[in-house]
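Engineer: Please find one structure pasted underneath; my questions will follow.
Laboratory data are not the source of any read-out in this text; all were calculated from the coordinates shown. Everything numeric in this text was worked out from a predicted model, so none of it was measured. Using ideal geometry, Cβ is built from the backbone for each residue, glycine included, and neighbour counts are taken over all protein chains shown.
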Amino acid sequence: MSHALRRAAGVAVLLLGISVALWMTFGAPQQWQGTTRLWRIVLGFSFIGLVTGGAWLMFPDKGEPAGLTEAEESA
């Protein structure tokens with residue numbers, strides 16, 4: 001996946017997560033009871049996953065350790 005496409009997807013997922021969080025805070029029915037109350041909890045955790053996934057898409061881990069460089073390791 002190209003870098004620009006990955007960043008665009010990350011921004012889209014991040015905005016989706018933020019919009020779900022705002023809806024849960026200001027727009028979701030506060031009087032949900034029973035099973036629908038459990039769905040509210042699931043939605044609450046899903047926005048945390050969306051925000052985390054969006055940040056991961058925008059700033060991927062390159063798999064390189066943050067320690068010494070090759071020149072420093074050989075010395």
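Engineer: Spin-label point model (7 Å from Cα, Cβ direction): what's the Lys62 to Met24 distance in nm?
Structural biologist: With each label point 7 Å from Cα toward Cβ, the separation is 3.3 nm.
Engineer: Give the peptides 24-35, 2-13 in descending order of average Cβ contacts within 10 Å, highest first.
Structural biologist: The most tightly packed comes first, giving 2-13, 24-35.
Engineer: Spin-label point model (7 Å from Cα, Cβ direction): what's the Gln31 to Arg6 distance in nm?
Structural biologist: Calculated label separation equals 4.8 nm.
Engineer: In nm, to one decimal, how far is the Trp39 label point from the Leu15 one, both placed 7 Å along Cα→Cβ?
Structural biologist: 2.6 nm
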